[in-house]
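The values are calculated or read from the model by the stated rules, or taken from the named source; none is laboratory data. Here the structure is a predicted model, which means the values were calculated and not measured. Note that each Cβ is placed from the backbone with ideal geometry, even for glycine, and that neighbours are counted across all protein chains shown. All accessible areas refer to the heavy atoms of the entire protein, side chains included, with ligands and DNA or RNA removed. Shrake-Rupley method; radii C 1.70, N 1.55, O 1.52, S 1.80 Å.
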Amino acid sequence: MTIEEKIKIMKTHPLFKGLDNEALDFIARRTQEKIFRPHTIIIHHGEQATAVYIIYKGLFKIYITNEEGKQIPVRTTGEKYFVGDLGVVDNDPVPATVETLQETHVFIVKKEDFNLIISKYTPFAINLLHLWGQKVRGANRQREINYSLQLKDRTMVTLHTLASYFPNHEITLSHEELASILGATRSRVTEVLNEFEKEKRIALSNRKIKVL
């Protein structure tokens, strides 16, 4: 990917809002593009962060694994997001695992370069603070959904969120994958999906869930 192609993508990402071409060129030359296949762990919970991953295409889930090995969902999101940032700024271990659900395209910025960019470009630092606030609010909303809604309602909210990342709102995830996102058992999620199909809220086919 050329520097010009990187800059074009960066201009669509909220982390780079308000930066001029000179600044974008400086940042682009300090990024590495990478494509992760589905079901690849980008960051492991508890490890030391060495880079920030700026997502510009794809879908992934963020979760914590408890002592019993159960995944506790934190958030499912995709493009125009970034992960690993807190770890490179405060040097604490990464608070959650990030795993791709679709093929995911990212720019990787090494720790030292990310901190250099923060100190060099005030608009970037302001964007980062603003987006940190959005992350916190998003995590709080997800926590509220997880603990205040019944599984059926939680599933429908999640399906509508996921559908926006798939062509024609056809979610190409298995029931097991959806269950891991919801923090529920596969059998219970399948029951809920069958109920939705009877209510004509979704259509089920081979490894596809279409939100109607």
- Message: closer than 26 Å to Lys80 by Cα, among the charged types (D, E, K, R) and more than 17 Å from the chain's Cα centre (by Cα): is that true of Glu112 in this structure?
- Response: yes
- Note on the structure: Picked from segment 1-36 (must be in a loop (DSSP other than H, G, I, E, B) and free of Cβ contacts under 8 Å to residues at least 24 places away in the same chain), the residue least open to solvent (accessible area, probe 1.4 Å) is Thr2
- Test result for Val98, under 21 Å from Glu33 (Cα atoms) and either in a helix (DSSP H, G or I) or in contact (Cβ under 8 Å) with a residue 60 or more places away in the chain (or both): no
- Would you check if Pro95 is open to solvent by 20 Å² or more (accessible area, probe 1.4 Å), modelled with pLDDT of 85 or more and farther than 29 Å from Glu191 by Cβ? no
- Task: With respect to His39, determine if the residue is part of a loop (DSSP other than H, G, I, E, B) and surrounded by 15 or more Cβ atoms within 10 Å (Cβ to Cβ).
- Result: no
